[in-house]
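Read the structure below first, then the notes.
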Amino acid sequence: ALANAGIACTLLKGMHTAFGYFPEPAARPMSDIDLLVPAGLVATAQEVLVARGYTRMLGSHNRFRTTWIPPDVPGVPRSLSLTHAGDPYSVDLHGSVDRDFQGGRIVPLSRLPRPADRRLDALACVAGLGQPLLLLYLAAHASALRSLNLLRLVELVLVIRKDEAGGELDWDRLLAAARTAE
């Protein structure tokens with residue numbers, strides 16, 4: 001729906017890494033889809049979601065992201081001990097790659113040059129972040145204590161291994177980008 005409205009989307013993590021880095025997509029559990037849209041098109045993207053029956057989750061707004069619940073999604077998870085395919089999911093609509101630690105520091109990743117998005121064969125209408133922004137975004141996300149878990153660490157390792165082996169990860173470029181985002 002967003003692509004049909006002329007809004008280019010970029011997957012930030014989760015679905016991008018599930019299809020591009022994990023042995024199979026189901027090995028990367030997720031409960032939301034993180035979509036980056038151009039900052040000037042966030043309001044239009046929100047209108048598209050409302051027209052498709054999505055509702056904005058109360059209290060979900062921070063300066064860079066809003067969370068949207070699709071229509072007809074169950075209100076409660078099927079399991080509390082594992083991620084189930086039938087669990088409710090949401091769409092997190094991001095207008096920036098900056099990371100806001102909610103009342104704390106902001107990691108200004110938008111200062112970095114935006115690499116070309118990586119096309120995802122399995123998801124033809126969207127792309128994922130390119131390097132070094134992808135690894136820095138994942139590291140910033142994992143560094144929030146409430147987000148730090150084994151899955152995020154495994155995700156970082158899989159991205160590093162694949163992109164280093166494929167020549168897409170240049171450590172000097174990554175370190176220079178990290179200094180720019182300090």
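The values are calculated or read from the model by the stated rules, or taken from the named source; none is laboratory data. This structure is a prediction, so every number in the text was calculated from the model and none was measured. Methodologically, a virtual Cβ is constructed for each residue, glycine included, from the backbone with ideal geometry; neighbour enumeration extends over all protein chains shown. Ligands, DNA and RNA are stripped out before the accessible areas are found, and what is left, the full protein with its side chains, is counted by its heavy atoms. Shrake-Rupley method; radii C 1.70, N 1.55, O 1.52, S 1.80 Å.
Search the range 72-95 for residues being acidic (Asp, Glu) and surrounded by 15 or more Cβ atoms within 10 Å (Cβ to Cβ), and hand back the single one that is nearest to Gly53 (Cα to Cα). Steps first, please.
Residues of the range 72-95 that are acidic (Asp, Glu), as a first pass: 72, 87, 92.
Keeping just the survivors that are surrounded by 15 or more Cβ atoms within 10 Å (Cβ to Cβ) gives 87, 92.
Details: Asp87: 18, Asp92: 15 Å.
Selected residue: Asp92.
Looking at (1) part of a loop (DSSP other than H, G, I, E, B); (2) loosely packed, with under 15 Cβ neighbours inside 10 Å, which is the one condition that is false for Gln131?
Just one mismatch for Gln131, condition (2).
Looking at the range 50-71 only, could you name the residues that are touching a residue at least 12 places away in the same chain (Cβ under 8 Å), of a type outside the set (S, T, N, Q) and either open to solvent by 30 Å² or more (accessible area, probe 1.4 Å) or not in a loop (DSSP other than H, G, I, E, B) (or both)?
Correct list: Ala51, Arg52, Gly53, Tyr54, Arg56, Met57, Arg63, Phe64, Arg65, Trp68, Ile69, Pro71.
Give the range 50-68 a look and list any residue that's of a type outside the set (S, T, N, Q) and modelled with pLDDT of 90 or more, or say none.
So the first thing to find is which residues in the range 50-68 are of a type outside the set (S, T, N, Q), and the list is 50-54, 56-59, 61, 63-65, 68.
Those that are of a type outside the set (S, T, N, Q) and modelled with pLDDT of 90 or more: Val50, Ala51, Arg52, Gly53, Tyr54, Arg56, Trp68.
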